[in-house]
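A.B. asks: The structure that follows is given in the form of structure tokens.
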Amino acid sequence: MEDFEIVDMHVHLCRTEEEERTYFPLPGRRERDRWSTPERRIEYMDMNNITATAFMILVPRQQRGPLYEKAKLGELPEAQRRKEKERISQQIGPIMREMNEWGCGVGRQFPRLLPFIGMSDDLGSPEDMAEEIALRASQGARGVKMHPGQFSHYPDDKAFWPMYAKCQELGIPILADSGPWPHSHLVFMY
């Protein structure tokens, strides 16, 4: 049989074991079956002959409260919606930048772990989003992960076009979720 590489294309990593326990609250999960910190993911990859793993960078579950607020803004009058979106974006944007920076650091420390940075209009203007791509690409980002439902935006919004152009220029792939959010199994947490 010929040799081949296995690349896991979609996992979520956690910064600590405690964060993993709250991120994936699965009843009955044994500690030895937790593989979501970078160090443990490498062990898992070695055990299963996985060459590389792309990991998607998200706002940690325990910090997603503002995203639930944002999901409800569509019911407000336009002026109030814009004002509230700006307020919420000022909370979410810094968390996204922090997580993107962390993920790129993980990728530098563990070259087999391929960071796909988080992207949303909470990072600011169209130019700000393109700058985030350039910065994180220089820090080792290997792709972009968009969560339109989770961040309450449409991926065809013209605000994203400069970011898409920067991704194309740098050869950075984009992966996007589709479908509604919050998922029914998450609503109970907020």
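Rule-based calculations on the coordinates, nothing more; no lab input. No experiment lies behind these values; they were computed from the predicted model shown. For neighbour counting, all protein chains shown are included, and Cβ atoms are generated from backbone atoms with ideal geometry for every residue, glycine included.
A.B. asks: Measuring from centroid to centroid over Cα atoms, what is the spacing of the range 100-172 and the range 1-36 in Å?
C.D. replies: A separation of 22 Å, based on Cα centres.
A.B. asks: Could you give the length gained on full extension between Thr22 and Met47, defined as 0.36 nm per residue of separation minus the Cα-Cα distance, in nm? Numbers along the way, then the final one.
C.D. replies: Working: separation 25, 0.36 × 25 = 9.00 nm, distance 2.49 nm.
Full extension from Thr22 to Met47 adds 6.5 nm.
A.B. asks: I've got another one for you. Suppose each label sits 7 Å from its Cα in the direction of the beta carbon; what would the Tyr154-His10 distance come out to in nanometres?
C.D. replies: 2.3 nm
A.B. asks: Just to verify a number: FRET efficiency for Ser138 and Glu86, C-beta to C-beta distance, R0 = 35 Å, to 0.05? Present the calculation step by step, with values, prior to reporting the outcome.
C.D. replies: Working: r = 28 Å, r/R0 = 0.80.
Rounded to the nearest 0.05, the efficiency is 0.80.
A.B. asks: So if each residue of separation counts as 0.36 nm, and I subtract the Cα-Cα distance between Ser125 and Ala79, what length gain in nm does that give? It would help to have the intermediate numbers written out before the result.
C.D. replies: Working: separation 46, 0.36 × 46 = 16.56 nm, distance 1.81 nm.
Additional length available on full extension: 14.8 nm.
A.B. asks: Within the set of other residues whose C-beta is less than 12 Å from the C-beta of Cys104, count the net charge using Lys and Arg as +1 and Asp and Glu as -1. Numbers along the way, then the final one.
C.D. replies: Numbers: positive: Arg97, Arg108, Arg136, Arg142; negative: Glu98, Glu101, Glu132.
Cβ neighbours under 12 Å give a net charge of +1.
A.B. asks: Hey, got the dipole for the chain? About the Cα centre, +1 on K and R Cβ, -1 on D and E Cβ, debye to the nearest 20?
C.D. replies: Details: 25 positive and 30 negative charges, 99 e Å.
Around 480 debye, computed over the chain.
A.B. asks: What are the residues whose amide H is under 5 Å from the amide H of Met9, where those residues sit 5 or more places off or on another chain and H is modelled from the backbone?
C.D. replies: Ala54
A.B. asks: Let me have the 222 nm mean residue ellipticity of the chain computed from DSSP H runs of 4+ only, each contributing -39500 (n - 2.57), with the sum over all residues rounded to the nearest 500. Could you put the intermediate results ahead of the total?
C.D. replies: Values: 8 runs with 87 residues, N = 190.
Computed ellipticity for the chain at 222 nm equals -14000 deg cm²/dmol.
A.B. asks: Let me ask something additional. If the cut-off is a Cα-Cα distance under 16 Å, which lysines reach Lys85, setting aside same-chain residues fewer than 8 apart in sequence?
C.D. replies: Lys70, Lys72
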